[in-house]
Amino acid sequence: MKKLITVVAGISFLVGTASADVASDQKALIGHFKSIQPNVEFADYTNGVYAYDKGSRDQFEEILDGIPPYEEAVEKGGAEYLKYGLNKCAALADPAAARVKHPYYDDAAGTVVTLEGTIQKCYNEQTGKKLGTMKGKIARISAWISDQAAGEKINVKVESEGAKAAYARGKAFFYAKRGQFNMSCADCHVYNAGKKARADILSPALGHTTHVPMYRAKWSGLGTLHRRYGGCLKNMRAKPIKAQKEVYRDMELFHQAMSNGLEITDARYRK
Ligand code: HEC
């Protein structure tokens, strides 16, 4: 990690800083990635790091050609969706539509609502019990719901004043330096995307949310987007934040909106 810190030190230009306009922010971001990787097509950003690195792309495709290691878990998530009566909640009755609708800003509640938040709420209504936020049941159910929307496009809307404020907060969090290394998410996933950090190649932020919850070989299982946020904060030696807290939900609104127009995919494998 040290070596990377030296690489990123001094880079401080921002992509689309102060505005809260999704279209112009995304345009700037796409332009940035186009300048560092001119040959990668927009649609390929749904493949994360595999859009950037041929060697790991081959491995990725081999894994997808076989029986992906998450297949059984996602199937189980489908059974759990029915078992716990999640189809009885209006917000989840049409799972594909639910994936496309989230995250969104709920003006009445004054807060960003994530798919996992809606699953938790519905699960609680149906069973009287609480559901976790990062792995296991919630990740399986969320992955199955997302699978139903595979091939549809991410289309996060940021329209009301409240939504714009949440988006701006989430974006600020993404670009803010923090932790012992004084780094931002953007330092790795925007400015240094495609470069190596130890054994990893850094993925572009564009497309980060097309395959969530993701399966990670390192986890030997599925995890939600917020589980990943926590892992990256830890790597930055920054203060941990619990999954589904408001800062993460705000960041998710920004983060997913940056992938607008990219296909939601069921190819959820990552190293
Ligand atoms: C020191 C560099 C570094 C910083 C800073 C960093 N990450 Fe990461 N992140 C990584 C590495 C390495 C991986 C694994 C390889 C990859 O997919 O980029 C990763 C993976 C991810 C992934 C999964 C990508 C995928 O395709 O599944 C997400 C999402 C993510 N990071 C979000 C964030 C967010 C949000 C922040 C800020 C809170 C952040 N990261 C900060 C290094 C970093």
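Can you confirm whether the stretch 190-200 contains a residue that is in contact with a helix residue (DSSP H, G or I) (Cβ under 9 Å, 6 or more places away or on another chain) and away from the ligand (no atom under 14 Å from the Cβ)? Show your work before the answer.
Here is the first cut: in the stretch 190-200, the residues in contact with a helix residue (DSSP H, G or I) (Cβ under 9 Å, 6 or more places away or on another chain) are 190-198, 200.
The next check asks that each one be away from the ligand (no atom under 14 Å from the Cβ); those that pass are none.
No, that holds for no residue.
Being more than 7 Å from the ligand (Cβ to nearest atom) and surrounded by fewer than 22 Cβ atoms within 10 Å (Cβ to Cβ) is true for just one of 175, 167. Which residue is that? Outline the logic, then answer.
On the way: 167 fails: surrounded by fewer than 22 Cβ atoms within 10 Å (Cβ to Cβ).
Exactly one of 175, 167 is more than 7 Å from the ligand (Cβ to nearest atom) and surrounded by fewer than 22 Cβ atoms within 10 Å (Cβ to Cβ), namely 175.
Could you list, in sequence order, all residues of the stretch 190-200 that are at pLDDT below 95 and among the aliphatic types (A, V, I, L, M)?
197, 199
Could you check, for the stretch 221-235, whether at least one of its residues is away from the ligand (no atom under 11 Å from the Cβ), in contact with a helix residue (DSSP H, G or I) (Cβ under 8 Å, 6 or more places away or on another chain) and of a type outside the set (D, E, K, R)?
Start the filter on the stretch 221-235 by keeping residues that are away from the ligand (no atom under 11 Å from the Cβ), which leaves 221-222.
This time we only want the ones that are in contact with a helix residue (DSSP H, G or I) (Cβ under 8 Å, 6 or more places away or on another chain), so: 221-222.
Cutting the leftovers down to of a type outside the set (D, E, K, R) gives us 221-222.
Within the stretch 221-235, one or more residues are away from the ligand (no atom under 11 Å from the Cβ), in contact with a helix residue (DSSP H, G or I) (Cβ under 8 Å, 6 or more places away or on another chain) and of a type outside the set (D, E, K, R).
Check the stretch 179-194 and report whether any residue there is under 28 Å from residue 69 (Cβ atoms) and either open to solvent by less than 10 Å² (accessible area, probe 1.4 Å) or not in a helix (DSSP H, G or I) (or both).
Restricting attention to the stretch 179-194, the residues satisfying the condition of being under 28 Å from residue 69 (Cβ atoms) are 185, 188-189, 193-194.
Going one step further and asking which of them are either open to solvent by less than 10 Å² (accessible area, probe 1.4 Å) or not in a helix (DSSP H, G or I) (or both), we end up with 193-194.
Yes, that holds for at least one residue.
Need pairs with beta-carbon distance below 8 Å; first residue within 20 Å of residue 160 (Cα to Cα) and within the stretch 107-133, second of a type in the set (Phe, Trp, Tyr); sequence gap 6+ or separate chains.
From residues that are within 20 Å of residue 160 (Cα to Cα), the pairs are 111/105; 112/104; 112/105; 113/104; 113/105.
Would you say residue 135 is open to solvent by 20 Å² or more (accessible area, probe 1.4 Å), closer than 25 Å to residue 271 by Cβ and charged (D, E, K, R)? Even if it seems obvious, please write down each step before you answer.
Working: open to solvent by 20 Å² or more (accessible area, probe 1.4 Å): yes; closer than 25 Å to residue 271 by Cβ: yes; charged (D, E, K, R): yes.
Considered against the rule, which asks whether it is open to solvent by 20 Å² or more (accessible area, probe 1.4 Å), closer than 25 Å to residue 271 by Cβ and charged (D, E, K, R), residue 135 comes out as yes.
From 74, 156, which residue is crowded, with 23+ Cβ neighbours inside 10 Å and in a loop (DSSP other than H, G, I, E, B)? Talk me through it step by step, then tell me what you get.
Numbers: 74 fails: in a loop (DSSP other than H, G, I, E, B).
One residue alone meets the criteria, 156.
Exactly one of these conditions fails for residue 60: (1) crowded, with 17+ Cβ neighbours inside 10 Å; (2) outside the structural domain of residue 200 (by TED's automatic domain parsing); (3) outside any loop (DSSP other than H, G, I, E, B). Give me its number.
(2)
Quick check on this structure: which one of 203, 259 is within 10 Å of the ligand (Cβ to nearest atom), part of a loop (DSSP other than H, G, I, E, B) and at pLDDT 95 or above?
Values: 259 fails: within 10 Å of the ligand (Cβ to nearest atom).
After ruling out the rest, the residue left standing is 203.
The values are calculated or read from the model by the stated rules, or taken from the named source; none is laboratory data. The structure displayed is predicted, hence computed values, not measured ones. Reconstructed Cβ throughout: ideal geometry from the backbone, glycine too, with neighbour counts over all protein chains shown. Keep in mind that these areas ignore ligands, DNA and RNA; they rest on the heavy atoms of the full protein, side chains included. Shrake-Rupley method; radii C 1.70, N 1.55, O 1.52, S 1.80 Å.
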